[in-house]
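First the structure, in the form of structure tokens, and then the observations on it.
The values are calculated or read from the model by the stated rules, or taken from the named source; none is laboratory data. The structure presented is a predicted model; accordingly, all values stated were derived computationally and were not measured. Cβ sites come from the backbone with ideal geometry, for glycine too, and all protein chains shown count toward neighbours.
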Amino acid sequence: MDLFVDYVDGVEKFMRKAGQNPPQGDSPVHTLTEEERVLRAKLVYEEAMELINKGLGVDIADGDFKISRPFSMVETIDGACDLFWVGVAGVSVACNVDLEGPLQEVYRSNMSKFIDGYRRDDGKWVKGPSYSPADIAQNISPRIPF
């Protein structure tokens, strides 16, 4: 997890330089300002659309996904890294939450889908009756920068 922590710490440094003033302290932030919420949403949306359009070469219109360009490995990896930066690490910093516990809980929950779930025709795995939802609330703890 050290590499993950190093990247999240780097995102915090970037956010401070960008004037986003991430919280400090020993407890998670349970609410964000409207400005912070809109900024996070814009950043995640922009990077997700860039990954989808430029990397995967897919356009989305009215819920319909169509191949429109060739796949680009470079743009896909760039988009994935940007999504990590703004979506994963950025949210961790903005909410002052250590993601290790929630990530482990989501992993546990996702693996429970294989007990009696099934694969749809489009390739998505669907949870079955034995699926156990992630208990995120019980796994939230403050992020402690190094």
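Numerical summary
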{"item": "Subset of region 30-55 (residues that are outside any helix (DSSP H, G or I) and either of a type in the set (Ser, Thr, Tyr) or surrounded by 13 or more Cβ atoms within 10 Å (Cβ to Cβ) (or both))", "result": "Thr31, Leu32, Thr33"}
{"item": "Check on Glu12, assigned by TED's automatic domain parsing to the domain that holds Gly79, under 17 Å from Phe84 (Cβ atoms) and modelled with pLDDT of 90 or more", "result": "yes"}
{"item": "Residue within region 120-132 that is at positive phi, free of Cβ contacts under 8 Å to residues at least 12 places away in the same chain and outside any helix (DSSP H, G or I) present", "result": "yes"}
{"item": "Residue match in region 104-113 (condition: closer than 30 Å to Pro133 by Cβ, of a type in the set (D, E, K, R), in a helix (DSSP H, G or I) and touching a strand residue (DSSP E or B) at 6+ places or on another chain (Cβ under 8 Å))", "result": "yes"}
{"item": "Lone qualifier among Gly63, Gly101 - being more than 30 Å from Ala18 (Cβ to Cβ) and not β-branched (Val, Ile, Thr)", "result": "Gly63"}
{"item": "Failed item in (1) under 17 Å from Ser92 (Cβ atoms); (2) out of contact with any strand residue (DSSP E or B) (no Cβ under 7 Å at 6 or more places or on another chain); (3) among the acidic types (Asp, Glu); (4) surrounded by fewer than 16 Cβ atoms within 10 Å (Cβ to Cβ), with Asp64 passing the rest", "result": "(1)"}
{"item": "Any chance Val38 is closer than 22 Å to Pro142 by Cα, outside the structural domain of Val106 (by TED's automatic domain parsing), under 19 Å from the mean Cα position of the chain (by Cα) and among the aliphatic types (A, V, I, L, M)", "result": "no"}
{"item": "Options Arg69, Arg16: the member that is assigned to a loop (DSSP other than H, G, I, E, B) and not aromatic (Phe, Trp, Tyr)", "result": "Arg69"}
{"item": "Flag for Gln24 being part of a loop (DSSP other than H, G, I, E, B) and loosely packed, with under 12 Cβ neighbours inside 10 Å", "result": "yes"}
{"item": "Some residue of region 100-122 being more than 20 Å from the chain's Cα centre (by Cα) and either at pLDDT below 95 or closer than 20 Å to Tyr45 by Cα (or both)", "result": "yes"}
